[in-house]
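Quick note: the coordinates plus some simple rules give every number you see, no bench work behind them. Note that the coordinates shown come from a computational prediction; the quantities given were computed from them, not determined experimentally. Cβ coordinates were reconstructed from backbone atoms using ideal geometry, including for glycine residues, and neighbour counts include every protein chain displayed.
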Amino acid sequence: MTTTAERVTAKRGTPPAQRSRRRLVEDLGGWLFVIPATVLVLGLSIFPAAWAFILSLQKWDGFSEPEFVGGEQYARLITDEDFHAAILHTGVYTAIFVPMSVLAGLFLAVALNRKIRFIGFYRTAIFVPFVASAAATGILSTYLFNPQFGLVNNVLRVTGLPQQGWLEDETQAMWVIALMSLWGQAAFTTVIYLAALQDVSPELLEAARLDGANAWQSFWHVTWPALRPVTVFVGIWQTIGAIQLFDLVFTTTRGGPLDATKTIVYYLWEQAFKRLDFGYGSAVAYALFFLTLIITIGVVIYSRRRGMEAF
Amino acid sequence: MTVLETQPVTVLPDVTETPAEPKRRKRRRPSLWHLFLVPVAFLFLLPFVQMFMASVSPAEELVSFPPPFIPSRIDFGGFVGLFTETPILRWMLNTVIVSSVAIVSHLVLCSLAGYGFARLKFRGRTFGILAILGTIMIPTQLLMIPTYILFSRLGLIDGLGAAIVPWLASAFGIFLMRQFFLSLPPELEEAGMIDGANRWQVFLQIILPLAKPALATLAIFTLLNSWNDLVWPLIAINNQDWFTLQLGIANFQGTRRTQWTLLMAANVIATLPLIIFFLFAQKQFVQTMTLSGLRG
């Protein structure tokens with residue numbers, strides 16, 4: 001390669017032909033740095049995303065000849081009651097999980113944001129579940145919430161409360177999954193809030209204290225307004241994650257009992273990889289994508305109107 | 001992604017250590033917050049404690065009723081069964097390979113691309129950055145089906161390639177490195193260039209050694225994601241020989257549902273490396289969490 005040598009010796013005031021050549025060399029030098037990662041990232045996202053759209057216009061099982069069916073797969077979404085049920089289950093999970101994880105993050109961050117004894121231990125204890133995988137969390141959930149001999153029911157028994165079916169009960173399964181998701185992910189919202197708490201102006205807090213505000217008043221009037229943008233951000237982020245719930249369902253209930261935990265992505269996976277209905281699976285994926293987009297844009301517009309910009 | 005854009009890596013507050021509370025040192029009576037934090041910490045640790053205890057319990061005690069809160073004796077039957085009856089060692093090796101390749105590749109490719117996008121001038125740079133930024137919006141679920149088909153055309157199904165390729169580089173990694181390089185003063189490189197070094201030497205000898213904190217963050221991000229990944233192995237690997245640890249233990253859920261000591265032993269094997277790593281590098285893990293919506 002002569003690129004670097006040429007670039008170093010190139011001087012100002014060179015004739016146009018040589019200048020454009022030098023520019024080309026610069027372009028090449030730049031692209032050499034970025035091309036491997038760029039090709040991988042774009043090749044494994046934009047290209048398959050476009051392909052998924054084409055698939056969603058087809059009827060295809062992966063083996064036979066694909067058949068172009070236009071918007072038929074999308075029309076199916078409108079009448080498919082199982083898909084509607086999946087949306088409902090996903091909505092239930094989102095409604096349970098998102099407020100819980102945002103509030104938990106806020107509470108834990110406020111509690112951890114102080115210099116007291118053992119604070120390092122508390123932080124470690126709350127953060128360490130973040131490294132647990134969905135597979136590990138799934139096994140732990142089925143163990144702890146086992147109706148026959150699980151720890152949770154055992155505690156209920158000892159305290160004289162009625163025992164529950166948990167993951168085997170269609171009304172409770174989603175709550176168990178949300179709770180175990182919270183266990184693993186509380187660290188994330190907590191850390192984000194902790195970082196935001198560092199930005200709350202110490203002068204303002206001090207001024208509030210001098211004016212005789214108590215701890216609650218200075219939180220409500222000084223700290224909380226400063227945390228609102230980050231709350232919007234965390235809320236959106238957790239909502240997007242919640243809508244895409246799959247792993248923990250797969251490793252606990254596999255959609256059961258009675259399909260009560262069959263989420264949109266679980267339904268997508270079933271359609272695509274169990275029934276080999278690639279066309280319909282892709283249509284479900286695009287529906288999910290647009291749902292995410294609409295929610296994100298909606299929240300952003302709403303929060304801009306309320307003057308708490310997160311973006 | 002907004003976190004990335006608004007906060008360059010270097011100015012992030014260190015949330016593991018900095019307390020913001022104004023100091024009230026006069027009275028040293030214990031804080032009331034302990035009353036809240038002790039039970040919370042206990043609850044967060046409980047599943048792990050249960051996991052470790054169950055993994056060394058006698059098998060019959062886990063399914064007896066009422067179950068004892070603490071095992072009556074230590075019994076390694078679960079681990080013995082795990083190592084003799086299942087290919088867990090093979091799966092562990094697979095996962096170690098997947099994560100190692102992913103981390104090395106991530107560090108090399110993302111720091112190169114991050115540097116290129118931050119410092120080099122070339123046509124198409126803005127377009128490239130915007131395209132990569134745009135991919136963050138695309139959910140994994142949208143990519144599952146076409147990526148599966150793509151992998152099967154490329155012959156990557158039923159091999160470690162299917163688990164590795166999705167983690168060779170990432171938009172997050174490119175962005176993290178770009179933000180870091182942007183935060184460095186350009187004078188550093190100019191000084192190197194005046195001394196006669198070329199771009200490549202400047203990058204390797206001056207810039208990269210400064211990037212250690214960002215590289216550590218990126219390595220942890222890649223380790224967590226590639227080690228814990230379930231979706232890609234699940235859709236692309238059917239042959240037990242190529243299972244990753246996560247896919248293997250997720251599969252136990254169906255095949256060994258009632259062998260709780262074995263399941264918990266497998267859980268320990270799959271989780272303990274990351275727990276130990278977390279305890280040693282908590283600061284970097286927290287940094288990684290702050291910068292990304294990992295597992296979003």
**OP:** With no solvent and one equal point scatterer placed on each C-alpha of the protein assembly as shown, evaluate the Debye formula and give log10 I(q)/I(0) for q = 0.07, 0.10, 0.12 Å⁻¹, two decimals.
**Re:** -0.48, -0.97, -1.34
Original post:
For chain A, modelled as a GNM with alpha-carbon contacts under 10 angstrom, which of A:Glu65, A:Glu170, A:Glu26 fluctuates the most?
Top reply: A:Glu26
Original post:
Of A:Ser181, A:Ser133, A:Ser45, which has the largest mean-square fluctuation in a 10 Å C-alpha GNM of chain A?
Top reply: A:Ser45
Original post:
Just the Cα atoms of segment A:74-305, one point each, no solvent: what log10 I(q)/I(0) does Debye give at q = 0.16, 0.17 Å⁻¹?
Top reply: -1.17, -1.24
Original post:
Out of B:Val38, B:Val165, B:Val49, any idea which swings most in a Gaussian network model of chain B, alpha carbons joined below 10 Å?
Top reply: B:Val38
Original post:
From the backbone phi of segment B:90-104, what are the Karplus-calculated ³J(HN,Hα) couplings (6.51 cos²θ - 1.76 cosθ + 1.60, θ = phi - 60°) in whole Hz, Gly and Pro given as x?
Top reply: 4, 5, 5, 4, 4, 5, 4, 5, 4, 5, 5, 4, 4, 5, 4
Subject >> Mean separation of Cα contacts under 8 Å, 6 or more apart, over the residue count of segment B:180-296: relative contact order % >> reply: 27
Original post:
Can you give me the relative contact order of chain A as a percent, contacts being Cα pairs under 8 Å and 6 or more apart?
Top reply: 25
**OP:** Calculate the all-directions average of the projected area of segment B:71-116's alpha-carbon convex hull, and give it in nm².
**Re:** 4.9
**OP:** Normalising by the residue count of segment A:11-91, find the relative contact order in percent from Cα pairs under 8 Å and 6+ residues apart.
**Re:** 14
Original post:
What number comes out for the charge environment of A:Ile177, summing +1 per Lys or Arg and -1 per Asp or Glu over other residues with Cβ under 13 Å away?
Top reply: -2
Subject >> Pairwise FRET efficiency - A:Leu103 versus A:Leu210, Cβ, R0 = 41 Å, nearest 0.05 >> reply: 0.85
**OP:** Could you work out the mean count of beta carbons from other protein chains within 10 Å of each residue's beta carbon in B:64-77?
**Re:** 2
Subject >> Orientation-averaged projected area, Cα convex hull of segment B:47-106 (nm²) >> reply: 5.5
Original post:
How large is ³J(HN,Hα), in whole Hz, for each residue of segment B:130-138 in order, when computed from phi with the Karplus curve 6.51 cos²θ - 1.76 cosθ + 1.60 and θ = phi - 60°, using x for Gly and Pro?
Top reply: 5, 4, 5, 4, x, 5, 4, 6, 7
Original post:
Which value, in debye to the nearest 20, describes the size of the charge dipole of chain A about its Cα centre when Lys and Arg Cβ atoms bear +1, Asp and Glu Cβ atoms bear -1, and nothing else is charged?
Top reply: 1500
Original post:
Cα-based Rg of segment B:171-233 per 2.2 N^0.38 Å, rounded to two decimals?
Top reply: 1.43
Original post:
Between B:Ile74 and A:Gln148, how many nm apart are label points set 7 Å from Cα along the C-beta direction?
Top reply: 2.9
Original post:
Rounded to the nearest 500 deg cm²/dmol, what is the calculated helix-only ellipticity per residue at 222 nm for chain A, with -39500 (n - 2.57) per DSSP H run of length n ≥ 4?
Top reply: -22000 deg cm²/dmol
Original post:
Mind checking which helices in chain A clear 18 Å along their axis (Cα) and have mean Kyte-Doolittle hydropathy of 0.0 or more, DSSP H runs only?
Top reply: A:16-43, A:81-112, A:173-198, A:224-243, A:278-305
Subject >> Sequence ranges A:150-157, A:295-302, ranked by mean other-Cβ count within 10 angstrom, highest first >> reply: A:150-157, A:295-302
Original post:
Just the Cα atoms of chain B, one point each, no solvent: what log10 I(q)/I(0) does Debye give at q = 0.11, 0.12, 0.14 Å⁻¹?
Top reply: -0.85, -0.96, -1.15
Subject >> Degrees, to the nearest 10: B:171-182 long Cα axis against longest axis of chain B >> reply: 50
Original post:
So what is the calculated 222 nm ellipticity per residue for chain B, using -39500 (n - 2.57) for each DSSP H run with n of 4 or more, over all residues, to the nearest 500 deg cm²/dmol?
Top reply: -20000 deg cm²/dmol
